[in-house]
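Structure, as structure tokens:
Just so it is clear, none of the values below were taken in a lab; they were calculated from the coordinates. Keep in mind that this is a model prediction, so the values were computed, not measured.
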Amino acid sequence: MADPNVFRIKPYQYIHVLNNNTLVTSVVCGPTTYTRKEHEKVVFGPEQMINIPPRNYVQILNPVVRNADRSPVLDADGNYQLRHGYQEIRFSSENEPLPGVPKEAIFDEPFPLYPGEKVVKRNPLVVVKPDEALLLRAIQDVTIGDNKYLAGEEWLFEGPGTYIPRVEVLEIGSVK
């Protein structure tokens with residue numbers, strides 16, 4: 001029988017470990033063998049890291065704040081800083097970058113979810129065929145290219161083309 005104090009974390013897996021002395025939750029990524037200390041508790045995992053296939057995206061609720069080098073920001077107590085109530089869309093890297101996708105939204109490698117982050121949805125990118133369109137509605141004021149849309153405003157994304165989703169925009173449906 002395996003020892004409950006020893007966790008064998010495989011490659012591309014992670015766990016969340018709560019330090020009961022400092023009340024700080026840390027992330028331990030594999031491959032590694034992690035021995036839990038007496039004052040620690042594994043509160044999540046081991047779980048597979050999030051891997052985004054090409055031409056897909058993942059929407060994350062409460063994303064972690066990142067530095068310029070993309071490392072997560074810690075507060076004075078050592079907790080990960082989150083943008084509570086916000087959502088972030090992350091894309092996979094591809095041979096040809098998608099137009100309109102910021103560089104910081106591209107994730108080449110599988111990544112762990114930090115404490116407090118949650119996957120809202122995983123979807124493939126929508127390819128709009130010729131003679132079809134997507135009906136979109138702004139749920140926040142947003143600027144896309146040269147166009148500014150106010151919250152509640154609706155417009156069409158006409159095909160052919162690949163629609164790049166945004167957290168400020170809701171997909172209502174398709175129109176022929």
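Have a look at LEU74, LEU150, LEU113 and tell me which one the Gaussian network model of the chain (Cα, springs below 10 Å) gives the largest fluctuation.
Evaluated over the chain, the most mobile residue of the options is LEU150.
Hey, how much of the P(r) for the chain falls beyond 21 Å, as a percent of Cα pairs?
Above the 21 Å cut-off, the chain has 59 percent of its Cα pairs.
Take the chain, connect every pair of alpha-carbon atoms lying under 10 Å apart with a spring to form a Gaussian network, then pick out the residue of ASP108, ASP69, ASP141 with the largest mean-square fluctuation.
The residue with the greatest mean-square fluctuation here is ASP69.
Can you give the extra length, in nm with one decimal, that the chain gains between ASP141 and THR35 once fully stretched, where that is 0.36 nm per residue apart less the Cα-Cα distance?
Gain in length upon complete extension: 33.3 nm.
Going by a ≥ b ≥ c, the root eigenvalues of the Cα gyration tensor, does the stretch 1-59 fall in the rounded group (a/c under 1.5), the prolate group (a/b larger than b/c) or the oblate group?
oblate
Could you name the lysines whose alpha carbon sits less than 22 Å from that of LYS176, not counting residues in the same chain fewer than 8 places away?
Within reach: LYS129.
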